[in-house]
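What follows is one structure encoded as structure tokens, with my remarks underneath.
The values are calculated or read from the model by the stated rules, or taken from the named source; none is laboratory data. Quantities reported herein were computed from a predicted structural model and do not represent experimental measurements. No Cβ is skipped: glycine too gets one built from the backbone with ideal geometry, and neighbour counts run over all protein chains shown.
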Protein chains: 2
Amino acid sequence: MGQNKKTAITPTRMEDYPEWYQQVVKASDMAENSPVRGCMVIKPWGYSLWERMVAVLDGMFKKTGVKNAYFPLFIPLSFLEKEAEHVDGFAKECAVVTHHRLEAGPGGGLVPAGPLTEPLIVRPTSETIIGDSFSRWVTSYRDLPLLINQWANVVRWEMRTRTFLRTSEFLWQEGHTAHATAEEALERTRIMLDIYADFVENWLAVPVIRGVKTPSERFPGAVETFCIEAMMQDRKALQAGTSHFLGQNFAKASDIRFQGSDGVESFAWTTSWGASTRMVGGLIMTHGDDDGVIMPPKVAPAHVVLLPVFPKNADPEAILAYTRETADLLRLENYGGRPLEVEIDSRDMPGRNWDWIKKGVPLRLEMGPRDMAEDAVFMFRRDTGERCAVKRADLAKVVTETLDAIQKNLYDRALAFQKTHTCNMDDKAVFYDFFTAKNPEKPEIHGGFAMAHWCGDGACEEAIKKDLSVTIRCIPLDAPKEEGGCIFCGEKSMGRVVFSKSY
Amino acid sequence: MGQNKKTAITPTRMEDYPEWYQQVVKASDMAENSPVRGCMVIKPWGYSLWERMVAVLDGMFKKTGVKNAYFPLFIPLSFLEKEAEHVDGFAKECAVVTHHRLEAGPGGGLVPAGPLTEPLIVRPTSETIIGDSFSRWVTSYRDLPLLINQWANVVRWEMRTRTFLRTSEFLWQEGHTAHATAEEALERTRIMLDIYADFVENWLAVPVIRGVKTPSERFPGAVETFCIEAMMQDRKALQAGTSHFLGQNFAKASDIRFQGSDGVESFAWTTSWGASTRMVGGLIMTHGDDDGVIMPPKVAPAHVVLLPVFPKNADPEAILAYTRETADLLRLENYGGRPLEVEIDSRDMPGRNWDWIKKGVPLRLEMGPRDMAEDAVFMFRRDTGERCAVKRADLAKVVTETLDAIQKNLYDRALAFQKTHTCNMDDKAVFYDFFTAKNPEKPEIHGGFAMAHWCGDGACEEAIKKDLSVTIRCIPLDAPKEEGGCIFCGEKSMGRVVFSKSY
């Protein structure tokens, strides 16, 4: 869009990226803050996107043999304590239920009553409570592998929250599997990582780097944490899904044992993997522009909105009939595994068009008497702003092809952005500059993913974090072996890792 | 099944209905108790049924314009207190979050820390927290009607729990709508009641009576509560869905106001309506027999299970290939709006057949070398025990037709049972006898739905409840006007109501 054009969102991304994000969430009507500290309300437009994400991911999981189940919201305190690293990681920020009743207090208002003998934690993640079930479900090698997923809400008492990205309550899925061998568990960990990457790249149109976390960034209690990392438009990283190889740590904590075909009893090998409403935030931050959200067509709550225009002296009923006819025609088509979702907005009021731009509907079709005369509609493309008249005879074909083009364009430009802002770096001063100095002449060289060598010492990682608020996002899985010197201490390293600021 | 036949479930329904229920839940592998008091674990077979129920109901809601959203798990105590009757109804049994951290205690273990300034209630229902959002979303008559639903977990701290029927945490949907007029809100209340009745009767094959609750049985804060009531095989009633007309009570409590087209500001009229995992319990108790669950085909997690048999000297690979071929053939068919769900169980072990009987799969197809020679399979029907050979050329047709027959049979026999045990009653002694005296000669006249006159006085209702643990389940919507005398006091009444024991 032209430089002088007024944008729908104030401030723009360049002016204030964090505030732009909050304004886009608001303007697109996807979510709002709730009066409950750190908890969001997901509004219909945002929830509809999440429903679509759930449906696609759920189908992908089930194709690999995963079955859904549901486990309690509450975890007894003693369960959380079973795994030492795990409790350290999650005890800091959790909602604690201590009472099961309210009573009239001395001041007249209600006060908590009925104290529980053991406090309950609102699940921040469910390894320990699901492990308890697994310990009953698994007795023989014939019960393995056990491949379970749950869609649920979880709570982590965050101090600083941001809609979708970091909220005290969020929606997610958490998969939990148990296996007879370490190899099989590791394979499952990788299968799920690949599903996340496939989903995020091919459905959300967000390119990612697959990698493994350093020990300091691992899930508390995991042996290895795999992740996918995406670059947002402020060049910070967003972790969009994680898959953990838990070794036998949680099997030992929860007593998940099985008798092998040889009669020997062993602890199972387990995994867990999760993705959350955070992906919604990642989608907005990857594709959004200064006019609002841009929905990737394959997960868009609506693909097309029809906007009848009513000039004076025109017959509104005829225009409405034409609009409904066009909607019916489009609804016969399929896109991304479901019928085209078509909205009609016949409100004749100013700002109508902008509402849909801000919401990010991929295509808008205007139609009035002049279009009717041509048996056509006027099509506007959200991602590029292109517009053209389309004959109704060609409409279904043009719409589905253009949706494909939008899906591809969103991915391609996000990938180009990521590549532009990913640089190999071998000089410590340049590295520090990359993350600190703002160069107004060349803003594009400020920040992003620095591919740099790391010796493997947590102390170097910690020092960089302290100096720059930059962490190792991951050790990429496809990184070539390459000898080099640690960006911090110069000691020998065998490959580059991804350094970045992050959400 | 024959009288002397050993049953899969001990005890039988006649011997001990409540214990039969618990054993069926266990034997069918649908759910288990969790170590968290009153909370259940829904296992894959049970959850898969729930997923199917969610998908169908959700589609029905959306067809009437309802949109899904998501609201916070936690409700500030002050919100709950906004509606006087509402807080009285729900403050007695709720999980109270009082802290947001755990710290090492003096004894070494973790103790709650970070006390909250205002306790949070884990939602027992969301009128007040959703009302808060509605107060922001509604400003003009143009914003109405607002039709919102959420699928969520809720918590009510129950003292006596039973899997699916009454658990501290359960899954449900709660719809919340706001309207410009009382008439429109009442109409919506009825639309949703009809959807519940349609779903429960035509999908779960459970016949229901639609009615309205007496004041004492209303949802706390509602002006009118509509419900559907089903009869279980122990002749007790189960409430399977409720739809509440809330008048302006919650709009006033939450300050949901709108400006009418005439410029005048008014409070909105609201409704709420819910159905829960309780329906799963109702399904089991309606259709189950002494061999386990019987799944109504339209919601069954699997329609058909294929059971290859491997006699000695037969080629197992050929039998397996034949089985897979049969599965592929069936999976091309649709039933109840989705492809036929076909399971293959090729475990060659005793009890395999019974596992599927207990789980309630509508049809079992056995196939071995002799069936292969005839290009046929041997089909077993779960509801009637009927069995016959079916040529594979006819299989798809026979399977879908038989599934229809099963769906119909389950409904018809449940309806016949309900009708048999529903009696008009005008004599107080007979009425008391109906609910107390066990007549071994005529057990069928003991208990059930007593259709009796009631004067409308809560004191009569209360006295009957005290004497018999029998309540008025509903005032049926389709009851004919009929003058009579109250079954308790003899005062004038204009129609019969449904008295019954209940879950």
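One table, with the values for the structure above:
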{"read-out": "Subset of the range A:461-478 that is in contact (Cβ under 8 Å) with a residue 40 or more places away in the chain and under 15 Å from A:Ala450 (Cα atoms) - its residue that is surrounded by the most Cβ atoms within 10 Å (Cβ to Cβ)", "value": "A:Arg473"}
{"read-out": "Qualifying residue in the range B:162-179 (condition: surrounded by fewer than 23 Cβ atoms within 10 Å (Cβ to Cβ) and without any contact (Cβ under 8 Å) to a residue 60 or more places away in the chain)", "value": "no"}
{"read-out": "Cβ-Cβ under 9 Å pairs, at least 6 apart or on other chains, the range B:401-424 side more than 19 Å from B:Ile209 (Cα to Cα), far side at pLDDT below 95 and of a type in the set (D, E, K, R)", "value": "none"}
{"read-out": "Criterion violated by A:Glu158 - all others in (1) touching a Pro at 6+ places or on another chain (Cβ under 9 Å); (2) surrounded by fewer than 24 Cβ atoms within 10 Å (Cβ to Cβ) satisfied", "value": "(1)"}
{"read-out": "Filter result for the condition that a residue is within 22 Å of the chain's Cα centre (by Cα) and assigned by TED's automatic domain parsing to the domain that holds B:Val122, over B:Phe71, B:Phe61", "value": "B:Phe61"}
{"read-out": "Sole residue being within 33 Å of the chain's Cα centre (by Cα) and more than 15 Å from A:Ile406 (Cβ to Cβ), chosen from A:Gly288, A:Gly282", "value": "A:Gly282"}
{"read-out": "Sole exception among (1) more than 7 Å from chain B (Cβ to nearest Cβ); (2) under 22 Å from A:Phe245 (Cα atoms); (3) modelled with pLDDT of 95 or more for A:Phe71, by number", "value": "(1)"}
{"read-out": "Criterion violated by B:Phe134 - all others in (1) facing another protein chain (nearest Cβ under 10 Å); (2) modelled with pLDDT of 95 or more satisfied", "value": "(1)"}
{"read-out": "Per-region count, the range B:67-82, residues basic (Lys, Arg) and touching a strand residue (DSSP E or B) at 6+ places or on another chain (Cβ under 7 Å)", "value": "1"}
{"read-out": "Flag for B:Met285 being buried (at least 21 other Cβ atoms within 10 Å of the Cβ), assigned to a loop (DSSP other than H, G, I, E, B) and hydrophobic (A, V, I, L, M, F, W, C)", "value": "no"}
{"read-out": "Condition met for B:Val223 (among the β-branched types (Val, Ile, Thr) and either in contact with a helix residue (DSSP H, G or I) (Cβ under 8 Å, 6 or more places away or on another chain) or assigned by TED's automatic domain parsing to the domain that holds B:Phe434 (or both))", "value": "yes"}
{"read-out": "In the range B:26-70, the residues that are assigned to a strand (DSSP E or B) and more than 20 Å from B:Ala8 (Cβ to Cβ)", "value": "B:Asn33, B:Met40, B:Val41, B:Ile42, B:Lys67, B:Asn68, B:Tyr70"}
{"read-out": "Scope the range B:137-149; condition of a type in the set (A, V, I, L, M) and away from chain A (no Cβ under 11 Å); matching residues", "value": "B:Val138, B:Leu144"}
{"read-out": "Segments classed as strands (runs of 3 or more DSSP E), wholly inside the range A:71-163, with at least 1 members that are at positive phi", "value": "A:110-122"}
{"read-out": "The listed residue being touching a residue at least 12 places away in the same chain (Cβ under 8 Å), out of contact with any Gly (no Cβ under 7 Å at 6 or more places or on another chain) and either surrounded by fewer than 19 Cβ atoms within 10 Å (Cβ to Cβ) or of a type in the set (Asp, Glu) (or both), out of B:Gly46, B:Gly65, B:Gly38", "value": "B:Gly65"}
{"read-out": "Any hit, the range B:180-203, residues being closer than 20 Å to B:Gln259 by Cβ, modelled with pLDDT of 95 or more and charged (D, E, K, R)", "value": "yes"}
{"read-out": "Answer from B:Glu441, B:Glu462, B:Glu401 - the residue that is over 30 Å from B:Gly360 (Cα atoms) and at pLDDT 95 or above", "value": "B:Glu462"}
{"read-out": "Those residues of the range B:328-351 which are of a type in the set (D, E, K, R) and surrounded by fewer than 16 Cβ atoms within 10 Å (Cβ to Cβ), in sequence order", "value": "B:Asp328, B:Arg331, B:Arg338, B:Arg347, B:Asp348"}
{"read-out": "Contacts under 6 angstrom Cβ, first residue in the range B:223-235 being under 20 Å from B:Ile294 (Cα atoms), partner among the aromatic types (Phe, Trp, Tyr), 6 or more apart", "value": "B:Asp234/B:Tyr17"}
{"read-out": "Residue among A:Gly292, A:Gly247 that alone is on the phi > 0 side of the Ramachandran plot and touching a Lys or Arg at 6+ places or on another chain (Cβ under 7 Å)", "value": "A:Gly292"}
{"read-out": "Scan of the range B:88-119 for residues that are more than 7 Å from every other protein chain (Cβ to nearest Cβ) and more than 22 Å from A:Lys82 (Cβ to Cβ), ordered by number", "value": "B:Asp88, B:Gly89, B:Phe90, B:Gly114, B:Pro115, B:Leu116, B:Thr117, B:Glu118"}
{"read-out": "Condition met for B:Glu85 (more than 26 Å from B:Met232 (Cα to Cα), among the acidic types (Asp, Glu) and either at the interface with chain A (Cβ under 10 Å from one of its Cβ atoms) or touching a strand residue (DSSP E or B) at 6+ places or on another chain (Cβ under 8 Å) (or both))", "value": "no"}
{"read-out": "Meets criteria (of a type outside the set (Val, Ile, Thr), surrounded by 24 or more Cβ atoms within 10 Å (Cβ to Cβ) and assigned to a loop (DSSP other than H, G, I, E, B)) for A:Met295", "value": "yes"}
{"read-out": "A:Asp394, sole failed condition from (1) within 25 Å of A:Met295 (Cα to Cα); (2) buried (at least 17 other Cβ atoms within 10 Å of the Cβ); (3) more than 29 Å from the chain's Cα centre (by Cα)", "value": "(2)"}
{"read-out": "Residue check for B:Met14: outside any loop (DSSP other than H, G, I, E, B), out of contact with any strand residue (DSSP E or B) (no Cβ under 9 Å at 6 or more places or on another chain) and of a type outside the set (Val, Ile, Thr)", "value": "no"}
{"read-out": "Check on A:Thr128, over 17 Å from the mean Cα position of the chain (by Cα), within 11 Å of chain B (Cβ to nearest Cβ), β-branched (Val, Ile, Thr) and crowded, with 24+ Cβ neighbours inside 10 Å", "value": "yes"}
{"read-out": "From B:Leu171, B:Leu165, residue being at the interface with another protein chain (Cβ under 10 Å from one of its Cβ atoms) and in contact with a helix residue (DSSP H, G or I) (Cβ under 8 Å, 6 or more places away or on another chain)", "value": "B:Leu171"}
{"read-out": "Hits in the range A:482-492 (condition: at pLDDT below 95 and either buried (at least 17 other Cβ atoms within 10 Å of the Cβ) or under 30 Å from the mean Cα position of the chain (by Cα) (or both))", "value": "none"}
{"read-out": "Hey, A:Val24 within 19 Å of B:Leu73 (Cβ to Cβ) and either of a type in the set (A, V, I, L, M) or touching a residue at least 60 places away in the same chain (Cβ under 8 Å) (or both) or not", "value": "no"}
